[in-house]
Amino acid sequence: MSVEAMFEFKRGAFFSGQLNYRIANNHFSMRAYNAFHSMRCFSFNVTEEDLQAIYMAVSPIMEWKEKYDKNDFILDGFGWSIRYCHNGTEVKSRGYEDYPHNYKKVIGEIQECMEILCKKYAADQYREDEAEQRRQL
C-alpha cells in the first residue's frame with residue numbers, strides 16, 4: 001500500500017541534477033540525483049509545528065497556476081513541482097521551463113525551510129557547502 005505524501009517538492013534537470021523532498025506520515029526524506037548523486041540524503045521525522053512552517057512557506061503558491069509549461073521541445077530543461085496537502089489544505093503547482101513571476105523568491109523561501117529542517121534534525125550530516133549547492137539550483 002502506498003502512502004500519499006503530505007508534501008513533495010522536486011526541482012532540477014536530468015543531467016544537471018535533481019532534488020526531491022518528500023514528507024509522508026510526518027517522515028521527511030531528501031534525495032539528490034544525477035549531478036548531485038554524491039550529496040548526502042536526509043531522512044527523519046518532523047512535527048506538526050514543522051508542517052505549519054512549511055505551509056507558511058508554500059502559501060504564496062495558492063496564487064499560482066497549477067501548471068506552467070512553455071511547450072517547447074527541450075530534452076534537458078529545468079522542471080519543478082510542489083504539493084502540500086495537510087489538514088484540509090491543498091496547494092500544488094508545477095512547471096517546465098516556465099515560472100510564475102515570484103518563483104525565485106517563493107522557491108528560495110521553501111528551500112530555506114528545507115535547509116532549516118535538515119540542519120535541525122540531521123546536524124551531524126549537514127554540510128553548508130552542499131546546502132549552498134541546493135540553494136543555487
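Bear in mind that the values in this text are calculations on the coordinates, not laboratory data. As the structure is a prediction and not an experimental result, all values here were calculated from the model. As a convention, Cβ positions derive from the backbone with ideal geometry for all residues, glycine included, and neighbour counts pool all protein chains shown.
Descriptive notes on the structure:
- Each of the peptides 50-58, 34-42 was scored by the mean count of other Cβ atoms within 10 Å over its residues; in descending order, highest first, they stand as 50-58, 34-42.
- Relative contact order, whole percent, for the stretch 6-121 stands at 25, derived from Cα pairs under 8 Å and 6 or more residues apart.
- Mean-position separation - Cα centroids, the stretch 15-51 and the stretch 61-137, in angstrom: 12 Å
- Size of the stretch 63-137 as Cα extents on the principal axes (Å, biggest first): 43, 35, 19
- Once backbone amide H atoms are built at 1.01 Å from N, residue 98 has 70 as its partners under 5 Å, excluding neighbours fewer than 5 places away on the same chain.
- Label zone at residue 101 (point 7 Å along Cα-to-Cβ), backbone N below 17 Å, the stretch 43-85: 60-66, 68
- Computed label-point distance, nm, for sites residue 122 and residue 70 using a 7 Å Cα→Cβ extension: 3.2 nm
- Alpha-carbon geometry of the chain: the Rg and the Dmax are 14.6, 43 Å, given in that order.
- Taking 0.36 nm per residue of sequence separation and removing the Cα-Cα distance, the residue 92/residue 109 pair yields an extension gain of 4.5 nm.
- Here's the picture: charge each Lys and Arg Cβ at +1 and each Asp and Glu Cβ at -1 in the chain, and of 106, 80, 58 the one pushed furthest to the positive end of that dipole is 80.
- Pairs of lysine residues in the chain that meet both criteria, 8 or more places apart or on different chains and Cα atoms under 30 Å apart, total 25.
- The stretch 1-52: GluC sites (Glu not before Pro) falling in loop per DSSP and having at most 13 other Cβ within 10 Å: 4
- Counted residue by residue at 0.36 nm each, then reduced by the alpha carbon distance between them, the extension gain from residue 49 to residue 85 reaches 11.5 nm.
- Dipole moment magnitude, nearest 20 debye, the chain about Cα centre, only Lys, Arg, Asp, Glu C-beta charged: 160 debye
- The stretch 56-137: trypsin sites (Lys or Arg not before Pro) falling in loop per DSSP and having at most 13 other Cβ within 10 Å: 65, 70, 127
- Helix runs (DSSP H) in the chain reaching 24 Å along axis by Cα, Kyte-Doolittle at least -0.5: 103-121
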